[in-house]
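Reading through the structure tokens given below for one structure.
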Amino acid sequence: MSRTTRGARILPYSRVVGQDELKLALELNHVVPRVGGVLMAGARGTAKSTLVRAFALMVHGELPVTLPINATDDRVLGGWDLDALLKGETRPQPGLLEDADAKGLLYIDEVNLLDDHIVNIVLDVVSTGVLSVQREGLATAKHLAFGLVGTMNPEEGGLRPQLLDRFGLMVTAEQLGVDDRHRMIRTVLDFDEYLGGAGDAGWLADAERETAADRDRLEIARRRAPEVQVADEILRLCAEAAVRVEAVGQRGEIVATMAARALAALEGADQVEPRHLLRVLPMALRHRRPETAHGGTFGWGPDDDSRVKDLFETA
């Protein structure tokens, strides 16, 4: 086990039980960063935070930069070093967004409880790749690039539709069945025993090998993604599906196409096929429907599938 992982006491990514849709969304966003971030919704205790941190450790070698709920503009954007100012010196101090650029991933837990103004700032930087600061004697413009993941518990309030739309993909955490709950308990106990010095070292060695294989798979897909072809028929199919589910705006179709390309790259395909697009449609469109914009749920059920089913049967 690496020192970083041991110090963080985070379950290895390959050992997180279930939550396949959450994992896929994180992977798609990593393979094609232009997807624009992932929003995870789910009840407390569904491993959202654990999964994000495990993913960051796997792909970046360290924990993500975490944006606290009470973050100020200075903390997010950067400002002047206060200790230096007290000494009569002016020294800029980087903010959390620059830290995220260095470390690769920004994590916002309970994003629905964060000030809308701060969320807007973060989403603007993610979409433009530029952090422009003009305040209190600072005038800078820097190019930044980092992955973005937000988590939220819908029971504690929602996000305004304008902010929901700015997240590329949205996924919902699943409630585990009996077998997966059993596996999850066993996994956590095995991990705790290892950390306490009483566990089987082979268990973690196997987990690290699997995690390393996952990391290699993602990096290969990330390099391949720009070469994956997207035929015009796929674009037409995506547009028709968006109309069928009454997606608001056009960002959803663009994100769905990028996510489908990422999925094709992960599967080693040379071009996007209809099945790739069908797999990512719920992630790209569920939070862009009229009912969601008016406080509805984020679910994607049989009725939604039926709206687009015939499109993919003939594709």
Between the modelled labels at Ala141 and Arg217 (7 Å from Cα along Cα→Cβ) the distance in nm is 4.2 nm
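Shape of region 221-267 from its Cα gyration tensor (a ≥ b ≥ c, root eigenvalues): rounded if a/c is under 1.5, otherwise prolate when a/b > b/c, or oblate?
Working: a/c = 2.94, a/b = 2.08, b/c = 1.41.
In terms of gyration-tensor shape, prolate.
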Once Lys and Arg are counted +1 and Asp and Glu -1 for all other residues with Cβ under 15 Å from that of Ala239, the total becomes 0
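Go through 280-290, 243-253, 36-46 and give me the packing order, highest mean Cβ count within 10 Å leading. Walk me through the intermediate numbers first.
Details: 280-290: 24.2, 243-253: 17.5, 36-46: 20.6.
Per-residue mean Cβ counts within 10 Å order the peptides as 280-290, 36-46, 243-253.
Each reported figure results from applying straightforward, stated rules to the coordinates on display, with no laboratory input. What you are looking at is a predicted structure, and each value in this text was computed from that prediction instead of being measured. So basically every Cβ, Gly included, is an ideal-geometry build from the backbone, and we count neighbours across all protein chains shown.
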